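Novice: Here's a structure for you.
The values are calculated or read from the model by the stated rules, or taken from the named source; none is laboratory data. Keep in mind that what you see is a predicted model, and the values were worked out from it rather than measured. Positions of Cβ are generated from backbone atoms using ideal geometry, with glycine treated the same way; all protein chains shown enter the neighbour counts. Note: areas computed on protein heavy atoms with side chains; ligands, DNA, RNA excluded. Shrake-Rupley method; radii C 1.70, N 1.55, O 1.52, S 1.80 Å.
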Amino acid sequence: MSESKPQRAVGVRDVAARAGVSRQTVSRVLNEHPDVAPETHARVVAAMDELGYRMNNAARALGTHRTRTIGVLASDALQYGPSRSMAAIEASARGAGYWITAAFADSGDEASVAAAIEHLRAQSVDGLIVFAPHAHTLEALDALRIGIPVVILHAAERSGFSVDQRAGARVAVAVLADAGHERIAHLAGPADWLEAEARAAGFVEELAARGLQPGVVLGGDWSPRSGHEAAAAVIASGATAVFAANDQMALGLIGGLRAAGVAVPERISIVGFDDVPEAAYAWPPLTTVRQDFEELARRAVAQVIAEGGGGPASAAAAARAAGPTGTADPIPPVLILRDSVVPPPR
């Protein structure tokens, strides 16, 4: 019985021989060096495909100090916004020829955040994208010397890249006010979340801008359960409309109001935030504010690559990171009109 010998891995020397170039030229192609003629670049890439060449990230890191890997520090990943951002970051990084590696931390625990960042740094990531929904996460970052590019998401106005949370809340209140509602309540997210804080601030600002009386603010925890449990307080407040800080609470509130015999939207109109997939199929279909998580991820990934010295390909990525206006302005949210808002009862 003959024993098969293990095949030798294809190396740079093999690619160079197949393409008819030097090993230095192959290395320049691998490291995205600009001084390679397009025809030569295409020939080297074709040789890699034919031979099944696979780049060794550890070897690349020794030569370029880059691993083409982005670390993501995630927290509260079961919530809709962070979970969508995680998926969008992975897709955007993959499209740029990068991978992601993730670590999860309790964002309210500075020691947990510090340990997660050290874990990612030990993997020689080229940069970090950090979900920082709580002020504690930002405080932990301020206390660390990270030494690689860092982009912060989900920290509202305290983030370099963000969807404009205040503007989204103001749009939500505006659609209710434009329908004729004057007694508008707010079902807020958790008090220790920066985005919940910004949405609550936008709620207050839009009421004041329209000369409406301050509305009652009820506390929730992002869950449908907390929305359902808030129904009694909403009814007692006399509000004819509610802006809920996320769709899950809005959907729970609709259920709670109906269980109490209150028709939605005939007696109480409701607007949510996020545009979760279920929002379009609720009864009534939920009017909400959509966030562009894909654009947010694209900008964050491009910025990390650009700051990490990702080669010529990153120059174009950095330009795109600024967005269509050429700036890093907050991304405007979009109102999605459905059937959960009507004029108040007379």
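Novice: Would you please list the contacts, defined by Cβ atoms under 6 Å and residues six or more apart or on different chains, that run from a residue in the stretch 193-218 that is at negative phi to a residue that is open to solvent by less than 70 Å² (accessible area, probe 1.4 Å) and among the aromatic types (Phe, Trp, Tyr)?
Specialist: Correct list of pairs: 203/243.
Novice: Moving on. List the residue pairs whose Cβ atoms are under 6 Å apart, where the first residue sits in the stretch 25-53 and is β-branched (Val, Ile, Thr), the second is open to solvent by less than 40 Å² (accessible area, probe 1.4 Å) and outside any helix (DSSP H, G or I), and the two are 6 or more positions apart or on different chains.
Specialist: Note: pairs meeting the criteria are 29/36.
Novice: Among the listed residues 267, 258, which satisfies the condition of being part of a loop (DSSP other than H, G, I, E, B), modelled with pLDDT of 95 or more and either open to solvent by 10 Å² or more (accessible area, probe 1.4 Å) or out of contact with any helix residue (DSSP H, G or I) (no Cβ under 6 Å at 6 or more places or on another chain) (or both)?
Specialist: 267
Novice: Separate question: Can you name the strands (runs of 3 or more DSSP E) wholly within the stretch 156-244 that have at least 3 residues being open to solvent by less than 40 Å² (accessible area, probe 1.4 Å)?
Specialist: 184-188, 241-244
Novice: Oh, and also: Do we find that residue 62 is modelled with pLDDT under 75 and open to solvent by less than 60 Å² (accessible area, probe 1.4 Å) in this structure?
Specialist: Taking the combined requirement at face value, the residue does not satisfy it.
Novice: Here's a follow-up. Which residue pairs have Cβ atoms under 9 Å apart, sit 6 or more places apart or on different chains, and have a first residue in the stretch 90-104 that is free of Cβ contacts under 8 Å to residues at least 24 places away in the same chain and a second that is β-branched (Val, Ile, Thr) and in a strand (DSSP E or B)?
Specialist: 90/72; 90/100; 94/100
Novice: Then there is this: Here is a list of conditions, (1) acidic (Asp, Glu); (2) touching a Pro at 6+ places or on another chain (Cβ under 9 Å); (3) closer than 19 Å to residue 74 by Cα, and residue 139 meets all of them except one; can you say which number that is?
Specialist: (2)
Novice: Just a yes or no: is a residue in the stretch 212-222 hydrophobic (A, V, I, L, M, F, W, C), under 20 Å from the mean Cα position of the chain (by Cα), modelled with pLDDT under 95 and closer than 24 Å to residue 293 by Cα?
Specialist: No; the residues of the stretch 212-222 include none that is hydrophobic (A, V, I, L, M, F, W, C), under 20 Å from the mean Cα position of the chain (by Cα), modelled with pLDDT under 95 and closer than 24 Å to residue 293 by Cα.
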